[in-house]
1. Report, to one decimal in Å, the Kirkwood hydrodynamic radius for the chain based on all distinct Cα pairs.
2. Would you mind checking the tilt of helix 3-13 against the longest principal axis of the Cα atoms of the chain, expressed as 0 to 90 degrees and rounded to 10?
3. Report the calculated FRET efficiency for Val179 and Val271 (r = Cβ-Cβ distance, R0 = 25 Å), to the nearest 0.05.
4. Roughly how many debye, to the nearest 20, is the charge dipole of the stretch 162-229 about its Cα centre, given +1 on each Lys and Arg Cβ, -1 on each Asp and Glu Cβ, and no other charges?
5. How big is the C-alpha Rg of the stretch 184-234 next to the rule-of-thumb value 2.2 N^0.38 Å, as a ratio?
6. Which trypsin sites (Lys or Arg not before Pro) in the stretch 172-242 sit in a loop by DSSP (not H, G, I, E or B) and have at most 11 other Cβ atoms within 10 Å of their own Cβ?
7. If R0 is 51 Å, what FRET efficiency do you get for Glu110 and Ser138 from their C-beta distance, rounded to 0.05?
8. With +1 on the Cβ of every Lys and Arg and -1 on the Cβ of every Asp and Glu, and nothing else charged, how large is the dipole of the stretch 21-168 about its Cα centre, in debye rounded to the nearest 20?
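The values are calculated or read from the model by the stated rules, or taken from the named source; none is laboratory data. Predicted, not measured: the structure shown is a model, and the values here were computed from it. Cβ placement follows ideal geometry from the backbone for every residue including glycine, while neighbour counts extend to all protein chains displayed. Accessible surface is based on the protein model in full, side chains and every heavy atom, while ligands, DNA and RNA are left aside. Shrake-Rupley method; radii C 1.70, N 1.55, O 1.52, S 1.80 Å.
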Amino acid sequence: MKVEKLLATASAARMRAYAPYSKNLVGAALLTEEGAIITGANIENASYGLTVCAERNAIMTAVHTGHRNFKSIAVFADCSPPPTPCGACRQVLWELAGNLEVIMGNLNKETKIMSLLDLVPEPYGVNKWIDNPIDEKSLHNEEMWRVSVLFHPVGYVSNEYYEPDMIPKNYKELLSQVVIAPEMEDGLYRLEEEEKINIISYLHRAKGYTLKDKAKGRGDEVYGVFACRAPLRPNSIAQTTVELVDRKKNILTVRGADLVNGTPVLDLKTVLPGR
Ligand code: THU
(Lines give C-alpha, C1' and ligand atoms only; values in the text may rest on other atoms or scores of the structure.)
Protein backbone atom coordinates (compact mmCIF):
# COMPACT_ATOMS: atom_id res chain seq x y z
CA MET A 1 0.00 0.00 0.00
CA LYS A 2 1.43 3.29 -1.06
CA VAL A 3 1.82 6.10 1.46
CA GLU A 4 -0.13 8.48 -0.82
CA LYS A 5 -3.06 6.06 -1.04
CA LEU A 6 -3.40 5.75 2.71
CA LEU A 7 -3.11 9.54 3.09
CA ALA A 8 -5.77 10.03 0.40
CA THR A 9 -8.08 7.72 2.34
CA ALA A 10 -7.40 9.63 5.58
CA SER A 11 -8.10 12.85 3.71
CA ALA A 12 -11.47 11.48 2.52
CA ALA A 13 -12.29 10.19 6.04
CA ARG A 14 -11.80 13.72 7.31
CA MET A 15 -14.94 14.78 5.45
CA ARG A 16 -16.97 12.72 7.91
CA ALA A 17 -15.58 14.45 11.01
CA TYR A 18 -17.88 16.26 13.43
CA ALA A 19 -15.83 19.28 14.42
CA PRO A 20 -18.12 22.30 14.79
CA TYR A 21 -16.11 23.65 17.75
CA SER A 22 -12.49 23.50 16.62
CA LYS A 23 -13.35 23.40 12.88
CA ASN A 24 -10.25 21.25 12.62
CA LEU A 25 -11.30 18.26 10.53
CA VAL A 26 -8.97 15.30 11.10
CA GLY A 27 -9.09 11.98 9.27
CA ALA A 28 -7.30 8.72 10.03
CA ALA A 29 -6.84 5.58 7.94
CA LEU A 30 -5.55 2.45 9.60
CA LEU A 31 -4.00 -0.25 7.41
CA THR A 32 -4.16 -3.86 8.65
CA GLU A 33 -1.59 -6.60 7.92
CA GLU A 34 -4.29 -8.19 5.76
CA GLY A 35 -4.60 -5.06 3.62
CA ALA A 36 -7.93 -3.74 4.92
CA ILE A 37 -8.31 -0.04 5.63
CA ILE A 38 -10.42 1.19 8.53
CA THR A 39 -11.10 4.91 8.79
CA GLY A 40 -11.96 7.35 11.55
CA ALA A 41 -12.48 11.08 12.03
CA ASN A 42 -12.61 13.34 15.06
CA ILE A 43 -16.02 13.58 16.73
CA GLU A 44 -16.39 16.57 19.03
CA ASN A 45 -18.81 17.46 21.79
CA ALA A 46 -20.17 20.68 23.33
CA SER A 47 -18.48 19.44 26.49
CA TYR A 48 -15.14 19.82 24.69
CA GLY A 49 -13.16 17.27 26.72
CA LEU A 50 -15.45 14.47 25.53
CA THR A 51 -14.14 14.82 21.98
CA VAL A 52 -12.58 11.70 20.52
CA CYS A 53 -9.75 12.05 18.01
CA ALA A 54 -9.71 10.54 14.53
CA GLU A 55 -6.98 8.01 15.40
CA ARG A 56 -8.82 6.60 18.39
CA ASN A 57 -12.09 6.38 16.48
CA ALA A 58 -10.32 4.40 13.75
CA ILE A 59 -8.62 1.92 16.08
CA MET A 60 -11.75 1.41 18.19
CA THR A 61 -13.85 0.67 15.09
CA ALA A 62 -11.15 -1.68 13.83
CA VAL A 63 -10.94 -3.65 17.06
CA HIS A 64 -14.70 -3.91 17.44
CA THR A 65 -15.09 -5.22 13.90
CA GLY A 66 -12.54 -7.97 14.51
CA HIS A 67 -9.20 -6.58 13.32
CA ARG A 68 -6.12 -7.45 15.34
CA ASN A 69 -2.99 -6.86 13.24
CA PHE A 70 -2.02 -3.40 12.11
CA LYS A 71 0.73 -2.00 9.93
CA SER A 72 0.31 1.75 9.47
CA ILE A 73 -1.91 4.66 10.29
CA ALA A 74 -2.27 7.80 8.20
CA VAL A 75 -3.43 11.00 9.88
CA PHE A 76 -4.54 13.94 7.79
CA ALA A 77 -5.58 17.53 8.62
CA ASP A 78 -5.40 21.04 7.23
CA CYS A 79 -2.48 22.23 9.34
CA SER A 80 1.23 22.79 8.89
CA PRO A 81 3.30 20.94 9.92
CA PRO A 82 1.10 17.84 9.44
CA PRO A 83 -0.77 16.61 12.55
CA THR A 84 0.99 14.32 15.00
CA PRO A 85 -1.27 12.06 17.09
CA CYS A 86 -1.96 13.44 20.56
CA GLY A 87 -0.53 11.71 23.63
CA ALA A 88 -3.78 9.89 24.44
CA CYS A 89 -3.97 8.43 20.92
CA ARG A 90 -0.31 7.34 21.02
CA GLN A 91 -0.98 5.43 24.23
CA VAL A 92 -4.13 3.74 22.88
CA LEU A 93 -2.49 2.90 19.54
CA TRP A 94 0.50 1.37 21.33
CA GLU A 95 -1.61 -1.09 23.29
CA LEU A 96 -3.93 -2.10 20.46
CA ALA A 97 -1.69 -1.79 17.42
CA GLY A 98 1.93 -1.85 18.62
CA ASN A 99 4.78 -0.07 16.88
CA LEU A 100 2.83 1.26 13.89
CA GLU A 101 4.22 3.28 11.04
CA VAL A 102 2.62 6.70 11.52
CA ILE A 103 2.12 8.69 8.31
CA MET A 104 1.16 12.32 8.74
CA GLY A 105 -0.03 14.57 5.93
CA ASN A 106 -1.78 17.83 5.14
CA LEU A 107 -3.45 19.69 2.29
CA ASN A 108 -0.12 21.29 1.27
CA LYS A 109 1.15 17.77 0.53
CA GLU A 110 3.71 17.94 3.33
CA THR A 111 4.27 14.47 4.76
CA LYS A 112 6.15 13.05 7.66
CA ILE A 113 6.63 9.39 8.61
CA MET A 114 7.66 8.18 12.05
CA SER A 115 7.27 4.97 13.99
CA LEU A 116 4.94 5.00 16.97
CA LEU A 117 7.90 4.25 19.24
CA ASP A 118 9.61 7.39 17.91
CA LEU A 119 6.54 9.32 19.01
CA VAL A 120 6.20 7.58 22.36
CA PRO A 121 9.67 6.25 23.24
CA GLU A 122 8.88 4.80 26.63
CA PRO A 123 5.28 3.74 26.37
CA TYR A 124 3.25 2.71 29.37
CA GLY A 125 1.92 -0.83 29.45
CA VAL A 126 1.82 -3.71 27.01
CA ASN A 127 1.37 -4.04 23.29
CA LYS A 128 0.36 -7.65 23.09
CA TRP A 129 -3.15 -8.73 22.46
CA ILE A 130 -4.94 -9.79 25.64
CA ASP A 131 -7.91 -12.03 24.95
CA ASN A 132 -11.18 -11.42 26.76
CA PRO A 133 -12.42 -13.80 29.46
CA ILE A 134 -15.24 -15.00 27.18
CA ASP A 135 -16.22 -18.65 27.08
CA GLU A 136 -16.91 -20.58 23.88
CA LYS A 137 -20.65 -20.46 24.53
CA SER A 138 -20.84 -16.69 24.52
CA LEU A 139 -18.83 -16.60 21.27
CA HIS A 140 -21.68 -18.55 19.71
CA ASN A 141 -24.28 -16.21 21.13
CA GLU A 142 -27.19 -16.22 18.72
CA GLU A 143 -27.39 -12.41 18.77
CA MET A 144 -23.93 -12.23 17.14
CA TRP A 145 -25.70 -11.77 13.82
CA ARG A 146 -26.71 -8.29 14.94
CA VAL A 147 -23.14 -7.12 15.54
CA SER A 148 -22.04 -4.54 12.96
CA VAL A 149 -20.05 -5.79 10.01
CA LEU A 150 -17.56 -3.66 8.13
CA PHE A 151 -16.82 -4.00 4.42
CA HIS A 152 -13.72 -2.83 2.64
CA PRO A 153 -14.55 -1.80 -0.92
CA VAL A 154 -12.47 -3.47 -3.63
CA GLY A 155 -12.99 -0.66 -6.13
CA TYR A 156 -15.29 2.06 -7.35
CA VAL A 157 -17.46 3.07 -10.27
CA SER A 158 -16.31 5.89 -12.50
CA ASN A 159 -18.62 7.77 -14.88
CA GLU A 160 -20.20 11.19 -15.30
CA TYR A 161 -23.27 10.64 -13.15
CA TYR A 162 -22.43 12.70 -10.10
CA GLU A 163 -25.87 12.57 -8.46
CA PRO A 164 -28.46 9.78 -8.42
CA ASP A 165 -30.84 11.99 -10.46
CA MET A 166 -28.15 12.48 -13.14
CA ILE A 167 -28.38 8.83 -14.19
CA PRO A 168 -29.83 9.03 -17.71
CA LYS A 169 -32.90 7.05 -18.79
CA ASN A 170 -30.84 5.22 -21.44
CA TYR A 171 -28.15 4.14 -18.93
CA LYS A 172 -28.46 0.55 -20.25
CA GLU A 173 -26.62 1.66 -23.40
CA LEU A 174 -24.00 3.80 -21.69
CA LEU A 175 -20.50 2.98 -20.52
CA SER A 176 -18.96 3.25 -17.06
CA GLN A 177 -15.67 2.10 -15.69
CA VAL A 178 -15.13 -0.10 -12.69
CA VAL A 179 -11.72 0.58 -11.18
CA ILE A 180 -10.50 -2.26 -8.98
CA ALA A 181 -7.71 -1.67 -6.44
CA PRO A 182 -4.44 -2.37 -8.35
CA GLU A 183 -3.25 -4.77 -5.62
CA MET A 184 -6.34 -6.92 -6.33
CA GLU A 185 -5.75 -7.20 -10.07
CA ASP A 186 -4.98 -10.93 -9.82
CA GLY A 187 -8.56 -11.42 -8.65
CA LEU A 188 -9.70 -10.35 -12.14
CA TYR A 189 -7.80 -13.19 -13.85
CA ARG A 190 -9.97 -14.58 -16.70
CA LEU A 191 -12.85 -12.21 -15.98
CA GLU A 192 -12.65 -11.04 -19.60
CA GLU A 193 -14.05 -14.45 -20.65
CA GLU A 194 -17.41 -13.29 -19.28
CA GLU A 195 -20.00 -11.40 -21.31
CA LYS A 196 -21.91 -10.20 -18.29
CA ILE A 197 -20.91 -9.67 -14.68
CA ASN A 198 -22.63 -8.75 -11.44
CA ILE A 199 -21.40 -5.71 -9.56
CA ILE A 200 -22.17 -5.79 -5.85
CA SER A 201 -21.95 -2.24 -4.61
CA TYR A 202 -22.83 0.04 -1.75
CA LEU A 203 -25.23 2.81 -2.73
CA HIS A 204 -23.43 5.48 -0.74
CA ARG A 205 -25.75 8.28 -1.84
CA ALA A 206 -28.98 6.47 -0.94
CA LYS A 207 -30.80 7.79 2.10
CA GLY A 208 -33.44 5.95 4.13
CA TYR A 209 -35.72 3.12 3.10
CA THR A 210 -39.25 1.89 3.46
CA LEU A 211 -40.10 -1.73 4.11
CA LYS A 212 -43.12 -1.66 1.81
CA ASP A 213 -43.53 0.68 -1.10
CA LYS A 214 -44.58 1.01 -4.72
CA ALA A 215 -42.02 -0.85 -6.83
CA LYS A 216 -40.94 0.98 -9.98
CA GLY A 217 -40.96 -1.19 -13.07
CA ARG A 218 -43.61 -3.46 -11.55
CA GLY A 219 -46.65 -1.40 -12.45
CA ASP A 220 -46.14 0.66 -9.27
CA GLU A 221 -47.67 -2.15 -7.21
CA VAL A 222 -46.69 -2.38 -3.56
CA TYR A 223 -43.98 -4.90 -2.64
CA GLY A 224 -41.77 -5.49 0.39
CA VAL A 225 -38.23 -4.16 0.07
CA PHE A 226 -36.91 -7.75 0.11
CA ALA A 227 -39.37 -8.72 -2.61
CA CYS A 228 -38.20 -6.16 -5.16
CA ARG A 229 -35.09 -4.32 -6.31
CA ALA A 230 -35.84 -0.89 -4.80
CA PRO A 231 -32.62 1.14 -4.38
CA LEU A 232 -33.59 2.42 -0.92
CA ARG A 233 -32.76 -0.64 1.20
CA PRO A 234 -31.74 -1.26 4.83
CA ASN A 235 -28.09 -1.88 3.86
CA SER A 236 -28.03 0.07 0.57
CA ILE A 237 -26.49 -2.91 -1.20
CA ALA A 238 -27.03 -3.19 -4.95
CA GLN A 239 -26.51 -6.04 -7.37
CA THR A 240 -26.22 -4.76 -10.92
CA THR A 241 -25.81 -7.01 -13.95
CA VAL A 242 -23.77 -5.27 -16.63
CA GLU A 243 -22.19 -6.16 -19.94
CA LEU A 244 -18.42 -6.46 -19.70
CA VAL A 245 -17.02 -4.54 -22.67
CA ASP A 246 -13.32 -4.53 -21.91
CA ARG A 247 -10.68 -5.09 -19.25
CA LYS A 248 -7.35 -3.28 -19.18
CA LYS A 249 -5.42 -4.46 -16.15
CA ASN A 250 -7.47 -3.39 -13.11
CA ILE A 251 -9.90 -1.22 -15.08
CA LEU A 252 -13.12 -2.63 -16.49
CA THR A 253 -15.37 -0.93 -19.01
CA VAL A 254 -18.97 -1.99 -18.51
CA ARG A 255 -22.23 -1.14 -20.22
CA GLY A 256 -25.49 -0.59 -18.37
CA ALA A 257 -24.56 0.48 -14.82
CA ASP A 258 -27.11 2.73 -13.09
CA LEU A 259 -24.61 3.63 -10.36
CA VAL A 260 -23.31 7.10 -9.56
CA ASN A 261 -19.68 8.12 -9.90
CA GLY A 262 -17.65 6.97 -6.90
CA THR A 263 -20.01 4.17 -5.84
CA PRO A 264 -17.90 1.79 -3.71
CA VAL A 265 -17.73 -1.69 -5.26
CA LEU A 266 -17.81 -4.45 -2.65
CA ASP A 267 -17.47 -7.46 -4.94
CA LEU A 268 -17.72 -8.73 -8.51
CA LYS A 269 -19.33 -12.03 -9.42
CA THR A 270 -20.00 -13.87 -12.63
CA VAL A 271 -23.53 -14.42 -13.85
CA LEU A 272 -24.74 -18.01 -13.81
CA PRO A 273 -25.39 -19.35 -17.34
CA GLY A 274 -29.05 -19.10 -18.26
CA ARG A 275 -29.70 -16.04 -16.09
N1 THU B 1 -7.54 15.84 16.94
C2 THU B 1 -7.51 14.61 16.34
O3 THU B 1 -8.51 14.15 15.79
N4 THU B 1 -6.32 13.91 16.33
C5 THU B 1 -5.18 14.35 16.93
O6 THU B 1 -4.19 13.63 16.96
C7 THU B 1 -5.13 15.68 17.56
C8 THU B 1 -6.41 16.44 17.62
C9 THU B 1 -8.80 16.59 16.93
C10 THU B 1 -9.51 16.64 18.24
C11 THU B 1 -10.32 17.90 18.14
O12 THU B 1 -11.56 17.60 17.54
C13 THU B 1 -9.52 18.80 17.22
O14 THU B 1 -8.58 17.94 16.57
C15 THU B 1 -8.82 19.90 17.97
O16 THU B 1 -8.07 20.68 17.10
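1. Value: 21.2 Å, from the Cα pair sum.
2. The answer is roughly 80 degrees.
3. For R0 = 25 Å, the calculated efficiency reads 0.75.
4. 620 debye
5. The reported ratio for this selection is 1.61.
6. Counting only loop positions with at most 11 other Cβ atoms within 10 Å, the trypsin sites (Lys or Arg not before Pro) in the stretch 172-242 are Arg190, Lys207, Lys216.
7. On the way: r = 47 Å, r/R0 = 0.93.
Rounded to the nearest 0.05, the efficiency is 0.60.
8. Here the stretch 21-168 has a charge dipole of around 340 debye.
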